[in-house]
Protein chains: 2
Amino acid sequence: MRIITTIGGMNEVLTRLREDGKTIGFVPTMGCFHEGHLSLMRKAREGCDIVIASIYVNPAQFGKGEDLDSYPRDLKRDSEMADRAGVDFIFAPSDQEMYPQPHLSYVNVEKITRGLCGKSRPTHFQGVATICTKLFNIIRPHKTYFGQKDYQQSLVIRQIIKDLNLDIQLVVCPIARGRDGIAMSSRNKYLDSDERKSAPVLHRSLLFGKKLIEEGEKNPEDIKEKIKEMICEHNGKIDYVEIVDPETLEKVKEIGERTLIAIAVFFGKTRLIDNILV
Amino acid sequence: MRIITTIGGMNEVLTRLREDGKTIGFVPTMGCFHEGHLSLMRKAREGCDIVIASIYVNPAQFGKGEDLDSYPRDLKRDSEMADRAGVDFIFAPSDQEMYPQPHLSYVNVEKITRGLCGKSRPTHFQGVATICTKLFNIIRPHKTYFGQKDYQQSLVIRQIIKDLNLDIQLVVCPIARGRDGIAMSSRNKYLDSDERKSAPVLHRSLLFGKKLIEEGEKNPEDIKEKIKEMICEHNGKIDYVEIVDPETLEKVKEIGERTLIAIAVFFGKTRLIDNILV
């Protein structure tokens, strides 16, 4: 496995790979790898000749007061894990390489970025859409791999691929979970031991919501209330609990055929998200 | 020369051309060709193996009440002219092909889109940046050709190429002018005979401004006033007359080494733009 830090270096490698007709799989990340990232890399390893993972903590997707500075970074550990998962190249550029000044262009996605995480993080998806457009143009992969944990993000990526005519196949992989059900997240590191013990209530509450729906409950408000109660009992502070259409992310008034339950909850200062498709 | 109307059709052709190692030159247009367009095509013909021109009247770059519906369209005439200028392929997609619904993603460029034409056409450059990003991703040219007449547009294109890591060389070509100095524009067709007689004052006023600067005038306000007077005498209704830094498009307080004089003026209902680098 090789670590490449410049766009020029990446270009050199990619020109050769494309000439050789290799299919390229790309896993964009912010590093601090956990089983979720590794599952994307392994999936890319199965589906492509060459696997490239990027590690870049993208300032543009953090809001003011968010955890940009404290976001965990450990290139050495990440490299070893990526190597074992079958990654061929890590692209780990600097801020100067990704955002030479003046940087003035941003990709904005309407509608599907307004609700859920977009509400409490109003510039987040602009940052995600912009960095992913940049990375897609640098790597020009055949396939790219994202996790369902960031469900709204995966829809944003699907939308920019379609709208901006990027010739890339998006593969969305299932949420990787701990044995207690907690969704893998780099931010789980922030939890103290009490918070860590409480956090699995997120997944339990989603399974409970799913069960209510499967048993015939049609009123999303009732389901949301019960989920909220369950989370509050475990000291979670609700950012949102929403039941939405999985394509448009618009709130549903009555439970229909396909539904997404999506939640964002603070444990202490740490904001965690999770979701389930029903 | 071939006319291609679908992205799939274009992809097929481009895959073959790239395999053959051809350099691709791209001239994005809204059709209604004049000498300005043809000069871009000829320049592309000189510099590339294959020349592709797109013809697409992009709804997203027209504001409400602007001339989207009346914008002149004549694919047969355009094709003949492009053929003679050495174009190999015309890409002429439908609205459905370019904006299958829901289309939610837009490229926005900050700062340099605020002044000049951005002031009276607030969504124009978002439309331009978005359609050009789309077309660049569809065609993936080595070089793209734009005219200096739309100076602000050329800066926007330069910025998205840099910011979104598009691997394209931008070539900006000089303004094509009629014998009386009028800048070639598809919108010149809208002028009645009196307006057509008046319009060359735009170029004369720019040359006059240039002369004042070359003679040592340092105060942009004085120069702007004199240009405005000259245009008003010929029944032009000023949208803007600005003297700006040619890189940032910010207004200059004192004339420095490099300056852009840019103007937009209505003759009747027709809005014309022109500029000069000093």
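The values are calculated or read from the model by the stated rules, or taken from the named source; none is laboratory data. All figures in this text were calculated on a predicted structure; none of them were measured in a lab. A quick note on method: Cβ atoms are made from the backbone with ideal geometry, for glycine too, and the neighbour counts reach across all protein chains shown.
Couple of notes before you dig in:
- Among (1) at negative phi; (2) buried (at least 22 other Cβ atoms within 10 Å of the Cβ), the one test that residue A:116 misses: (1)
- Count of residues meeting criterion [under 21 Å from the mean Cα position of the chain (by Cα) and within 17 Å of residue A:275 (Cα to Cα)] in the stretch A:188-235: 10
- Check on residue A:78, assigned by TED's automatic domain parsing to the domain that holds residue A:35, surrounded by fewer than 19 Cβ atoms within 10 Å (Cβ to Cβ) and among the acidic types (Asp, Glu): no
- Failed item in (1) farther than 20 Å from residue B:148 by Cα; (2) away from every other protein chain (no Cβ under 14 Å), with residue B:167 passing the rest: (2)
- Filter result for the condition that a residue is within 14 Å of chain B (Cβ to nearest Cβ), surrounded by fewer than 18 Cβ atoms within 10 Å (Cβ to Cβ) and within 30 Å of residue B:128 (Cα to Cα), over A:96, A:152: A:96
- Residues that are in contact with a helix residue (DSSP H, G or I) (Cβ under 8 Å, 6 or more places away or on another chain), under 21 Å from residue A:214 (Cβ atoms) and of a type in the set (A, V, I, L, M), drawn from the stretch A:236-262: A:241, A:243, A:252, A:255, A:260, A:261, A:262
- Hits in the stretch A:199-230 - residues which are of a type in the set (A, V, I, L, M, F, W, C) and more than 21 Å from residue A:189 (Cβ to Cβ): A:206, A:207, A:208, A:212, A:213, A:223, A:227, A:230
- Selection within the stretch B:155-164 - in contact with a strand residue (DSSP E or B) (Cβ under 7 Å, 6 or more places away or on another chain), surrounded by 21 or more Cβ atoms within 10 Å (Cβ to Cβ) and either more than 9 Å from chain A (Cβ to nearest Cβ) or of a type in the set (Gly, Ala, Ser) (or both): B:157
- Looking only at the stretch A:125-178, and only at residues there that are of a type in the set (D, E, K, R) and part of a helix (DSSP H, G or I), the one that is farthest from residue B:108 (Cα to Cα): A:149
- Filtered residue count, the stretch B:48-65, keeping only those that are in contact (Cβ under 8 Å) with a residue 12 or more places away in the chain and more than 30 Å from residue B:21 (Cα to Cα): 7
- Failed item in (1) away from chain A (no Cβ under 14 Å); (2) over 19 Å from the mean Cα position of the chain (by Cα), with residue B:78 passing the rest: (2)
- Residues in the stretch B:110-143 that are aliphatic (A, V, I, L, M) and farther than 17 Å from residue B:262 by Cα were compared, and the one that is farthest from the other protein chains (Cβ to nearest Cβ) is B:128.
- Test: residue in the stretch B:33-44 that is among the basic types (Lys, Arg) and over 19 Å from the mean Cα position of the chain (by Cα): no
- For the stretch B:1-55, filtered to residues that are within 14 Å of another protein chain (Cβ to nearest Cβ) and in contact with a Leu (Cβ under 8 Å, 6 or more places away or on another chain), the residue that is surrounded by the most Cβ atoms within 10 Å (Cβ to Cβ) is B:26.
- Test for residue A:91: is it more than 10 Å from chain B (Cβ to nearest Cβ) and surrounded by 17 or more Cβ atoms within 10 Å (Cβ to Cβ): yes
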